[in-house]
Amino acid sequence: MAGSHLSGLGAILMLHSVTAVPRAGLGLNDHLSVTPDFLDRAIADMKRAGFSFISLDEMVEHLATGRRCKLATITLDDAYLDNFTEALPVFESHDTPFAIFVAPGLIDGTVQAWWEVVEQLVMMRDEVALPPTVEGAPFVSSSPAEKLVAARHLCELMTARVPETMRQAVLDEMGGRQVDTSAFMSWDDIAAVSRHALGTIGAHTIHHHNLARLDEELALIEMRGSADVIADMIGIRPRHFAYPYGHAQAVGDREIRLAGEAGFVSAVTTRHGTLHPEHREHLHALPRISLNGRYQDIGHLRTMLTGFTTFANSRRRVVTL
């Protein structure tokens, strides 16, 4: 009884990149990438444990019923190209629905995946100087240990000190456009996923901004505008949304309200948790279970799906905000 009480109605899984050949790096972004083999084994193990995989639309309908059963939905953030080339064959082999959340700015190159740019800049240089628009001394990064420290400090600067709307300009001043970052899906790829029997396309803001750091008008533009752009490009308007970053400093009551105002049926965070009957009243604050690249272990996944890690982390059975 305690197990089913914590595991609830099912879970939404969260992934980013799925590739057999991850990018060389300092380890800063390893959590964002799992292998196709691990994804394949995870789906197979969950099926053996009695899980059925359903689409996001079906999961929203399921939450309304309050019925306790083993159901799961797979989501992927950012639309990395490997979602199309390496993850899609895994989903097809298991006949497993999936949803990909798209930030148009990453697709058309208006903005870069800054977390990768920072890591690559530090790897390339023994000293990383900040542009005149950002106060601070250069970061010395000659040894591997120094490079990791420098990359972490630069990430903190980018997330806390540099305004969201200025981040790409700062990266450009630092030479970020010289960095070869991961490839993202094309609009043709995204359209193909939207037509696929297993695929769903969701929205992820226009520029992958932390919404909590924007004023309300701009936050709503980022949310509603991402759905507008996607609809223009592929002819289907997304019904579901994923908050970039999705943690407590990126999603609060205001962002949840705006997701509803933007017209989305549901919205997912990155907060750790399983789904419960109470979530039918919190469809714009749905938690997820992260398939973390640093813990590609089936036993770890099994434990998370029980809901025990949710309770251990938050002392709550139901996680919304």
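The values are calculated or read from the model by the stated rules, or taken from the named source; none is laboratory data. No experiment lies behind these values; they were computed from the predicted model shown. Glycine also receives a Cβ, built like all others from the backbone with ideal geometry; neighbour counts cover every protein chain displayed. Side chains included, ligands, DNA and RNA excluded: accessible areas come from the protein's heavy atoms. Shrake-Rupley method; radii C 1.70, N 1.55, O 1.52, S 1.80 Å.
A compact table of results
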read-out: The lone exception for Asp77 - which of (1) in contact (Cβ under 8 Å) with a residue 60 or more places away in the chain; (2) touching a strand residue (DSSP E or B) at 6+ places or on another chain (Cβ under 6 Å); (3) over 30 Å from Leu6 (Cα atoms) it fails; value: (3)
read-out: Residue in segment 211-233 that is in contact with a helix residue (DSSP H, G or I) (Cβ under 6 Å, 6 or more places away or on another chain) and closer than 21 Å to Asp30 by Cα present; value: no
read-out: Any chance Leu198 is within 15 Å of Pro132 (Cα to Cα) and surrounded by fewer than 20 Cβ atoms within 10 Å (Cβ to Cβ); value: no
read-out: So Ile234, is it open to solvent by 10 Å² or more (accessible area, probe 1.4 Å), of a type outside the set (S, T, N, Q) and within 19 Å of the chain's Cα centre (by Cα); value: no
read-out: Residues (crowded, with 18+ Cβ neighbours inside 10 Å and either aliphatic (A, V, I, L, M) or assigned to a helix (DSSP H, G or I) (or both)) located in segment 55-65; value: Leu56, Met59, Val60, His62, Leu63
read-out: Condition met for Thr165 (within 30 Å of Ile236 (Cα to Cα), open to solvent by 60 Å² or more (accessible area, probe 1.4 Å) and either assigned to a helix (DSSP H, G or I) or in contact (Cβ under 8 Å) with a residue 12 or more places away in the chain (or both)); value: yes
read-out: Total residues in segment 17-62, condition in contact with a strand residue (DSSP E or B) (Cβ under 6 Å, 6 or more places away or on another chain), of a type in the set (A, V, I, L, M, F, W, C) and farther than 20 Å from Leu198 by Cβ; value: 1
read-out: Tally of residues being modelled with pLDDT of 95 or more and open to solvent by 40 Å² or more (accessible area, probe 1.4 Å) across segment 66-85; value: 3
read-out: Selection count where residues are in contact (Cβ under 8 Å) with a residue 12 or more places away in the chain, of a type in the set (D, E, K, R) and not in a helix (DSSP H, G or I), scope segment 254-301; value: 3
